[in-house]
Amino acid sequence: MRLTLALPRPRHASRLALLTAVAAVTVAVVAASLGSTPTEATGRHRPFPIDLERASIPQLRAALDARRVTSEELVDAYLERIRALNSNGPGLNAVRVLTRDSVEQARQADADRRKGRARGPMHGIPVLVKDNIDVRGLPTTAGALALADSYPSKDAFLVTRLRAAGAIILGKTNLTEFANFTTNGMPSGYSGLGGQVLNPYDVSQTPSGSSSGSGSAAAAALAAVTVGTETSGSILSPSAANSLVGVKPTVGLVSRTGVVPIAASQDTAGPMTRSVYDAAALLTALTGIDPEDPITSTSGGVVGTDYTRVLSTTALAGKRIGVASTPTGNQGIVFNEALDVLRARGATVVPVTVSTGGLPPGILDYEFKRDLNAYLARLPRSAPMDTLDDVVRYNLAHAAEGTIKFGQTQLVTSNDIDLTDPVAKAAYETNRDTGIATARDRIDSVLRAQTLDAIVFVGSGSAGIGARAQYPSVAVPIGYDPANGRPVGMTFLGTAYTEASLLALAYDYEQASRKWLPPSQVNPSLFRCSSLERRGTTCAP
């Protein structure tokens, strides 16, 4: 798999022609201009002054403010890590495409900083976003060959928010194709265009999906932070699998304009980071009311919240936390140790049952066709696909090129729905409204009955019920399975727009437990022969 810079091409040119054209522009070309080591990438004859694998946004900001490093040097160093770990070395394949102007963005951030115009925690910080989010000048592909040359006319609203906060858009991450809504049984992290993403903690295990590239890239520090999207588990699950903090916001907190959809009733974008503070800083930058996405108007009560300011090492004191999971084995040991930390920080831990089964039928099939067609209709006239039907037909016509290695059952099922049928529409609306109301009642009733501040689940256990309720969750690392080193996470679930309190609880736990470890420490053999390490004589050429 080659990581490329995107090149425009005629609307109906052959796929082979596209792949031939972009093959000439690879990360190797970018890396050649940077030098072969992180030290050379800084442009100075000294070791790079920051351990990027462990660095948090406050550490990066302190180095930038003290002028120990510039944003330009930071971008160069991250590009070198991408070359060494994503496209070569262990070949994580987490990053799909780089922006052409990241160095120019960094130079502007440096100039603004020198003039005293830094715009907050995210100023000059490199960010990778999932490749279903529009970034001007890059194709938005959702991992599909059918969309390989689908260029939006402008940034997604959330990208404009990142730029306004001074963030540097470094590029885009791979994902499970169409955010894991292509077919049943496709491996998480696989797409026909991007190939397979690997999990840096254990390449034999799933990176989980669909924000698999954002998860792998954040874990391996291919950028300071990453942005994923979730419909039902696609931020929380890869966060747990890649030992990350992941925030699945309330539906309405982050705009969906310019994001390839699955279902408007459940879709949201959110942070995937290595620390709670970084997630809070990134979430602060992402939020805002978007006139083109009316549901964001429901976030008016929290607009402008600086989530970094609510973080506290006393947040758990006096709180009541419901525990909705009872895992066994090594995972159970790690989870119970996390609960002990909650108790030690002053929280009361209460066993609870949250019913997650028996909800009304899902609404994704109906909304995917409707919402994807609406997204495609916003694209320039030169866009290659106009409707879901075009995508399905393209995939069949180009199957020999790998468009549908695992099939396209979900695309076909959704495409076959008649959106003009009043009976189908009525059934969908009933299932949507009843599903939201039922899921909310199941969560709210448990919170009320036990006077709880949040409910915790092992791993991404809150994902399904939280997604139907449109409620927020925050995932946080809690340790590693002693038998194999695989990450274990815990998720805090709350009601609508309680991100501030959930982040505060997660931060208090994180600061008390200090369980997170970088992948090169948990899985050193994967990194031993990368160009970022001193290569021994046992490494292959």
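The values are calculated or read from the model by the stated rules, or taken from the named source; none is laboratory data. All figures in this text were calculated on a predicted structure; none of them were measured in a lab. Methodologically, a virtual Cβ is constructed for each residue, glycine included, from the backbone with ideal geometry; neighbour enumeration extends over all protein chains shown. We work out accessible area using only protein heavy atoms, side chains counted, and drop any ligands, DNA or RNA first. Shrake-Rupley method; radii C 1.70, N 1.55, O 1.52, S 1.80 Å.
Observations on the structure shown:
- Of all residues in the range 395-438, those satisfying the criterion of being free of Cβ contacts under 8 Å to residues at least 12 places away in the same chain and among the β-branched types (Val, Ile, Thr) are Thr420, Val423.
- Within the range 451-468, not a single residue is assigned to a helix (DSSP H, G or I), over 25 Å from Val488 (Cα atoms) and among the aliphatic types (A, V, I, L, M).
- Counting only strands (runs of 3 or more DSSP E) that sit wholly inside the range 218-296, those with at least 2 residues that are closer than 17 Å to Phe492 by Cβ and in contact with a strand residue (DSSP E or B) (Cβ under 7 Å, 6 or more places away or on another chain) are 245-248, 268-273.
- Residue-level analysis places Asp306 among those that are over 26 Å from Val488 (Cα atoms) and among the acidic types (Asp, Glu).
- Taking every residue in the range 483-503 that is on the phi > 0 side of the Ramachandran plot and pairing it with any residue that is open to solvent by less than 10 Å² (accessible area, probe 1.4 Å) and part of a loop (DSSP other than H, G, I, E, B), at least 6 positions away or on another chain, the pairs with Cβ-Cβ distances below 7 Å are Gly485/Tyr201; Tyr497/Thr250; Tyr497/Leu253.
- Number of residues in the range 180-216 that are outside any loop (DSSP other than H, G, I, E, B) and open to solvent by less than 10 Å² (accessible area, probe 1.4 Å): the value is 6.
- Some residue of the range 424-445 being closer than 23 Å to Gly489 by Cα, touching a Pro at 6+ places or on another chain (Cβ under 6 Å) and modelled with pLDDT of 95 or more: no
Yes or no, residue by residue, for (1) among the basic types (Lys, Arg); (2) open to solvent by 20 Å² or more (accessible area, probe 1.4 Å); (3) assigned to a helix (DSSP H, G or I); (4) over 22 Å from Gly332 (Cα atoms):
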residue	(1), (2), (3), (4)
Phe406	no, yes, no, yes
Ser414	no, no, yes, yes
Asp418	no, yes, no, yes
Lys425	yes, yes, yes, yes
Arg440	yes, yes, yes, yes
Arg448	yes, yes, yes, yes
Val476	no, no, no, no
Phe492	no, no, no, no
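- Here Leu342 meets each of (1) part of a helix (DSSP H, G or I); (2) more than 25 Å from Val260 (Cα to Cα); (3) open to solvent by 40 Å² or more (accessible area, probe 1.4 Å) with one exception, condition (3).
- For the range 306-322, a residue qualifies if it is more than 21 Å from the chain's Cα centre (by Cα) and in a loop (DSSP other than H, G, I, E, B), and the qualifying residues are Leu311, Ser312, Thr313, Thr314, Ala315, Leu316, Ala317, Gly318, Lys319.
- Count of the range 373-388 residues which are part of a helix (DSSP H, G or I) and either open to solvent by less than 50 Å² (accessible area, probe 1.4 Å) or touching a His at 6+ places or on another chain (Cβ under 8 Å) (or both): 4
- Top-ranked residue in the range 427-438 [being among the aliphatic types (A, V, I, L, M) and open to solvent by 40 Å² or more (accessible area, probe 1.4 Å); ranked as farthest from Leu339 (Cα to Cα)]: Ala427
- In summary, Arg107 fulfils each of the numbered conditions (1) at pLDDT 95 or above; (2) under 16 Å from Ala220 (Cβ atoms); (3) not hydroxyl-bearing (Ser, Thr, Tyr) with the single exception of condition (2).
- With respect to (1) more than 17 Å from Ala165 (Cα to Cα); (2) assigned to a loop (DSSP other than H, G, I, E, B), the lone exception for Val303 is condition (1).
- Taken over the range 223-244, the criterion of being open to solvent by less than 10 Å² (accessible area, probe 1.4 Å) and out of contact with any Gly (no Cβ under 9 Å at 6 or more places or on another chain) is satisfied by Ala224, Val225.
- For the range 296-347, the tally of residues that are of a type in the set (S, T, N, Q) and closer than 17 Å to Ala512 by Cβ stands at 4.
- Residues satisfying the stated conditions in the range 48-66, i.e. without any contact (Cβ under 8 Å) to a residue 40 or more places away in the chain, open to solvent by less than 50 Å² (accessible area, probe 1.4 Å) and within 25 Å of the chain's Cα centre (by Cα): Ile50
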